[in-house]
Amino acid sequence: MERRIFLKDCALASAASMAFSTGLLTPSIAFAEEFDPFQATSVDAVLKILGIDEAEASNRIKITAPKIAENGASVPVIINSAIEGTSEIITIISTNPKPLAARNRFGKGAIPSISSRIKMGQTTEVIALVKADDKYYSAKTKVKVTIGGCGG
Amino acid sequence: MEKSTIKIRLKEKDGQIWLRALIKHPMETGLRKDKMTGLDIPAHYINDVVVEANGETVFSADWSTSISQNPFLFIKFSGSKGDTVRLTWKDNMGKSDFIEKTVGKR
């Protein structure tokens, strides 16, 4: 009798864990994805959630990043905006699992320039979006990530 | 007192304050697995950084897991010697830390 109950419990437990791993949890993730740009998994989805329809390409945004990065875990990236009224710089790493890397907002008196180190899983485009007076501008550059560190 | 997780350097140059900060933080993506146990390492990352000068916010950022481990930050804003600068970070697990420093003092 006891053995029978034990077996039944086991079956229930495994069924529950199966459900969790296969599909039951996905609706909540999908739900979060719709609103949180940081959970979005593609560049298009990020732009859609942020409400950016159009971003004018601008050469007044300067991205300084290595052409070839030997260590993708820490790539120095400097983004400078010479656009007047810049209030926000958004950094997107296009091939990362979650492309949106950072939203940097600049207050009064701040110079719209940001220097930080970013992870890159593979060769990617670094996209910088600049918000100035409710208009968006963009610039991009390519970074080649060599995992072995031997060039290539 | 526990050692601060933030190292900060402030320098005044031509009416601008140059802020360089290094924060000690693992910045786990949540995509890695523990090699010993095979279990997922939960995401653990800083998602909010604020810099205030004399109580006014000059810079704030939302970060994601794409920012490198032990994040480095370099920003500039207008100010002068004697300004009090405060940097605060918060992570997705509810931890936080801050540092306050006066420009021009060691």
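Computed from the coordinates by the stated procedures, all read-outs in this text should not be read as laboratory data. Keep in mind the model is a prediction, meaning the values are calculated, not measured. Methodologically, a virtual Cβ is constructed for each residue, glycine included, from the backbone with ideal geometry; neighbour enumeration extends over all protein chains shown.
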Legend entry - Simple label model, 7 Å out from Cα along Cβ direction - B:ASP48 to A:PHE35, nm: 1.6 nm
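Treating only the Cβ atoms of Lys and Arg (+1) and Asp and Glu (-1) as charged, compute the dipole magnitude of the stretch A:52-145 about its Cα centre; round to the nearest 20 debye.
On the way: 14 positive and 9 negative charges, 80 e Å.
Dipole of the stretch A:52-145, to the nearest 20 debye: 380 debye.
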Legend entry - Nearest-0.05 FRET efficiency for B:LYS95 and A:THR146, computed from C-beta distance (R0 45 Å): 0.85
Legend entry - chymotrypsin sites (Phe, Trp or Tyr not before Pro) within the stretch A:57-152, DSSP loop, no more than 12 other Cβ atoms inside 10 Å: none
Legend entry - Förster radius 25 Å - calculated FRET efficiency between A:ALA57 and A:THR95 (Cβ-Cβ, nearest 0.05): 0.80
Inset, instruction - Pop a pseudo-label 7 angstrom from the Cα along the beta-carbon direction at both B:MET36 and A:GLU125 and give the gap in nm to one decimal. - result: 4.3 nm
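A:ALA73 to B:SER4: FRET efficiency via 1/(1 + (r/R0)^6), r the Cβ-Cβ distance, R0 22 Å, to the nearest 0.05? Write out the running numbers ahead of the final one.
Details: r = 24 Å, r/R0 = 1.09.
Taking R0 as 22 Å, the efficiency between A:ALA73 and B:SER4 is 0.35.
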